[in-house]
Amino acid sequence: MNIGNLPFVVAALLVAFGIYTFLYKRNLIKLVIGVSLVETGVNLFLVALGYRTAGIAPIYTFAPAAKQMVLPTPQALTLTSIVIGLATTALLLSFAVFIHRHYGTLDVRKVKELRG
Amino acid sequence: MTALTQHAPVLLIAIPLLGAFGVPLIGKLGRGARNTFVGLIALLTAAFAGLLAASVFGAAGAPSLYVLGGNGFGVPLPSGMSIPIRIILETDGMSAFMALITALITLTGAFFSFSYWKDRSGGTLYYSLLMLLTAGIFGMELTGDMFNFFVFLEVTSIAACGLIGFRVWLKTSQEAGFKVMALYTLSGLFVLLAVGLLYGQYGGLNIAYLASALTGSTIDVVALGLLLAGLALKAGAVPLHMWAPDAYGEAPAPMSAVLVANSQASLYGLFRILFTLFGLTISVAALGWILIVLALLTIFVGVTMALIQNDIKRLIAYGAVSQIGYMLLGVGVGLAVSVAKPDYGFVAMQGGIFHMFNDAACIGLLFLASGVIVRATGTRDLNQMGGLAHSMKWTSVLFLIGAFALAGVPPFNGFASKFLIYEASFKLSPFLAVVAVLSSILLLAVFVKVFQAAFLGARRDGLPAEVPIGMMVPMVALALVVIVFGLFPGFFVDKIVTPAANALWYGRDAYIGLVLGGG
Amino acid sequence: MNTGMSIIVRTITRLVYGLALVFGFYVIMHGHLTPGGGFQGGAVVASAFALLLVAFGAAGIKGRLNAHLLQTLEEIGALAFLALGFVGIGTAFFYNLLANSGSLFGGPVLPLGSNAGVFDAGGTLPLMNWAVGLKVMTGIAAVVIVMLIGARKEETE
Amino acid sequence: MKKAAILAAFLFVGAFLLLAATSMRPFGEPTFAGMDDYFIANTQIEVAANNAVTAVVFDYRGFDTLGEATVLFAAVVGVLALFRKLREDEA
């Protein structure tokens, strides 16, 4: 079955959902979820770039003979990007903990000391 | 000595990393050992930046390579291949110029912190984050690989946000930290998405390879848009500036200066992408005008918002935002006319690039001085200060030097670069020059107000004494840079600014040819 | 507070904990032969620590997992990784000095193509896997512990 | 006004992304795979590793991995710094 470039469209939709969440939700945790959604979409996009039809993982240990392998670079990039996503999420959630400690709320409409 | 010069690009990144990983271990030995270690690492980094600059500017800004992990660091392509497969650091006049700025700011920031952060908790982690930020900024400036650029962009984002939220007892710092981290992450993801698009289209990640392969298709335009949005956000250009005053205002004072260097590194990335990566494959004039419009908005919004602030750090932060606009204006004018390449386009480029250095020096000086003021008075509200000039003569003089330089008053360095920008943008359209000049005058008015509010006025009881020598020396050093660059602008424009502008303006073919051969 | 979860969860945790550790170390050790590597294995080990933390609570692991010790180990892992990058600087930074050198992990891969995997190969790769694995497992564990204790403090106040 | 600007920005970015995704090449058929074919062909010879992904992560693009480790380190340091024990005059 030929699916054209459907996987890329799905990744773009995930990114768009993430941006929607980021722009329209009022809870700090939901903002973090939005950022994570964007990350997931980008990771999906990256890993989809490396697929070759009917390819196998680019690892020679007990590999079936004479099969085409998928591209290794996008997998390496995705690995890097996942770790970076983990790091940013950890820091964002820490900030959320401290905002809750100071303001007693996670509602962005009430966390507005910095304006103008 | 030559071996050190050849390895200088990678050592510039690896030595701050060594510092960052090592500081927490050394910190267990005590404060003295830790500060010595940090100082040594900062000095060593600055020395390597100087070495790199000397070799690059000695060769009139010609690009040079460092292939990481290769059989010898000068061979970009394995035999029989036309795509570079390893990560390549590529340094030309522009990267070396940026490395000089970063070295200056991080060195002064680190030494200022030794006495500024003396009575605070968590010093070890603070210096570790500072070193990580330094390494990230150098990485962004020296790399020749798109994905590597993204990785170092994220290093700077996370280290910067750790520093912005470092004073956890301030509720505003936590709010700023969250906001800035979320927006930095989005900007990084935009860049990553663009890198993914380009990789999917051309199967490579090296800037020079991509530059030679680009065709100007729809995907390329989308990638350019994403890169433009992501890097403009990270640089703090209006309308994506909402994080910048929070970040600069809430970070500890010396770190605000380093954050400005970080924004400038993103701006460097933007220029590198526009001139070297995309070059003439897209409609350059239209892009140049986009940059000019962004620049005018940034200048205007920055200055008018600075006008209404009562918080001294936030006011300087808006001043910093407006200066990003001047750099964008200079380079935007250059980009708008880079097809015909008239003389004034090159002058505009020189002005915009020279202003990066001058802005780093004078805004750094202002942020350090504001740290001194806030520490001495215990408040950031301008209405509650006053009379500081009676007890802090040196600080008031230094603050005045920084303010005059920022507002472009001769004979300080801000005037030298702004004059080039005025002159060149006037030739493109007088309107641009008028906005730029008027905004500078307004900025001068703003800083006269600050000076009047904080330093002048009657002598009060309990005025703080002059700052310790440890904070004074970095400020004096920056002030000297401001004055020397203002008195001899011609020398510096010839020696370091022209090679940097050349690298962007004419250097695309040399940049690509060095990696891919031919050229 | 901080007493952890029910006896069922604790018992299962005792059973699974060791398995997760072994699996994590296996993934790190065989990073150059099978899917996985330092990051993945480190994350598995860290998840075992996190499981312990969830099941027994911050008080239950007191004295066994200490954030400062973990942080020190993380710095050692990071420094080791950087040092492995410096090893090849005679040729170029990050040059794989040990690959095909005949020394430790310097064996050639024979036969080429599909094979059963040669453990004594890969040059600096296995060493880097260990450095990164140490860094990731201790780093994530430190973050989880610090955030859990910090957030718990929130609830009790 | 502000709501309209946010909506416009969202629609613009969304349309931009969909435009990119729909004009991508078909899934599963990379057009330029020269760099990756080199990795697959040479991982056993140059790096002596069976796993091409690990070879890319730690050898060919090892510097990225150093940056990635640095990011994680920065996050750990940042989190530890936020949750650190404060001095009494700072609370």
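Bear in mind that the values in this text are calculations on the coordinates, not laboratory data. Small disclaimer: the values here were computed from a predicted structure and weren't measured. Every residue, glycine as well, gets a Cβ built from its backbone with ideal geometry; the counts of neighbours run over all protein chains shown.
The DSSP beta bridges internal to the protein assembly as shown are antiparallel in roughly 75% of cases. Hydrodynamic analysis of chain B uses the Kirkwood radius over alpha carbon pairs. Inserted into Stokes-Einstein at 10 °C and 1.306 mPa s, it gives a translational diffusion coefficient of 70 µm²/s. The packing ranking of peptides B:183-195, C:80-92, highest mean first, is B:183-195, C:80-92, where packing means the average number of other beta carbon atoms within 10 angstrom of each residue.
Taking all pairs of distinct Cα atoms, average 1/r, flip it, and tell me the Kirkwood hydrodynamic radius of the range B:90-232 in Å to one decimal place. Kindly include the intermediate steps, with their values, before the conclusion.
Values: mean 1/r = 0.0596 Å⁻¹.
By the Kirkwood definition, the hydrodynamic radius is 16.8 Å.
Please give me the summed charge of the neighbours of D:Leu72: other residues whose Cβ is under 10 Å from its Cβ, Lys and Arg +1, Asp and Glu -1. In short, -1.
Given R0 = 35 Å, the distance between the Cβ atoms of C:Tyr26 and C:Arg64 translates into a calculated FRET efficiency of 0.95.
The translational diffusion coefficient of chain A, from Stokes-Einstein at 4 °C and 1.567 mPa s with a Kirkwood hydrodynamic radius over alpha carbon pairs, comes to 77 µm²/s.
How many angstrom separate the Cα center of the range D:1-42 from the Cα center of the range C:27-93? Value for the Cα centre distance between the two parts: 34 Å. Helices of chain A meeting both criteria, an alpha-carbon length of 30 angstrom or more along the long axis and an average Kyte-Doolittle score not below 0.0, with helices taken as full DSSP H segments, are A:28-49, A:72-103. When B:Thr134, D:Thr31, B:Thr2 are sorted by how many other C-beta atoms sit within 10 angstrom of their C-beta, beginning with the fewest, the order is B:Thr2, D:Thr31, B:Thr134. Determine the sum of side-chain charges near B:Ala348: Lys and Arg each +1, Asp and Glu each -1, restricted to other residues whose C-beta is under 13 angstrom from that of B:Ala348. Neighbourhood net charge equals +1. In a reduced charge model with +1 at each Lys and Arg Cβ and -1 at each Asp and Glu Cβ, the protein assembly as shown shows a dipole moment near 2000 debye about its Cα centre.
Per the helix-only calculation at 222 nm, which mean residue ellipticity applies to chain B, given -39500 (n - 2.57) for every DSSP H run of n ≥ 4 and division by its residues, nearest 500 deg cm²/dmol? Provide the component values of the computation, followed by the final result.
Details: 21 runs with 383 residues, N = 519.
The per-residue figure over chain B is -25000 deg cm²/dmol.
What shape does the range B:283-487 have by the C-alpha gyration tensor, where a ≥ b ≥ c are the square roots of the eigenvalues, rounded means a/c under 1.5, and otherwise prolate means a/b greater than b/c and oblate the rest? Here the range B:283-487 falls in the prolate category.
Candidates C:Val87, C:Gly24, C:Leu125 compared by Cα position along the dipole of the range C:7-156: farthest toward the positive end lies C:Gly24, with charges placed on Cβ.
Here the label points at B:Thr2 and D:Ala15, each 7 Å from Cα along the C-beta direction, are separated by 5.9 nm in the simple model.
What the Cβ-Cβ distance of B:Ser79 and C:Leu104 gives, at R0 = 45 Å and to the nearest 0.05, is a FRET efficiency of 0.95.
Evaluated at q = 0.10 Å⁻¹, the base-10 log of the normalised Debye intensity for the protein assembly as shown, with identical point scatterers placed on the Cα atoms, takes the values -1.10. Oblate is the label for the range D:2-90, because a/c, from the alpha-carbon gyration tensor with a ≥ b ≥ c as root eigenvalues, is 1.5 or above and a/b does not exceed b/c. The phi torsions of the range C:132-140, fed into the Karplus equation with coefficients 6.51, -1.76 and 1.60 and a -60° offset, translate into couplings of 5, x, 4, 4, 5, 5, 6, x, 5 Hz, rounded to whole numbers, with Gly and Pro shown as x. Estimated purely from DSSP H runs of n ≥ 4, each contributing -39500 (n - 2.57), the mean residue ellipticity at 222 nm for chain C is -22500 deg cm²/dmol once divided by its residues. Less than 5 angstrom separates the built amide H of C:Ala121 from those of C:Gly107, all sequence-distant by 5 or more or on a different chain.
Pop the C-beta distance of B:Lys341 and A:Ile33 into the FRET formula with R0 = 41 Å and round what comes out to the nearest 0.05.
E(calc), rounded to 0.05, equals 0.25.
Given an 8 Å cut-off on Cα distances and at least 6 residues of separation, report the relative contact order of chain B as a percent.
Relative contact order for chain B comes out at 17 percent.
With both labels modelled 7 Å from their Cα along Cα-to-Cβ, the A:Asp107 to A:Thr53 distance reads 5.5 nm. Which net charge results when you count Lys and Arg as +1 and Asp and Glu as -1 among the other residues whose beta-carbon is under 14 Å from that of C:Glu75? So the environment of C:Glu75 carries a net charge of +2. From the square roots a ≥ b ≥ c of the eigenvalues of the alpha-carbon gyration tensor of chain C, which class results: rounded (a/c under 1.5), prolate (a/b over b/c), or oblate? The shape class here is oblate.
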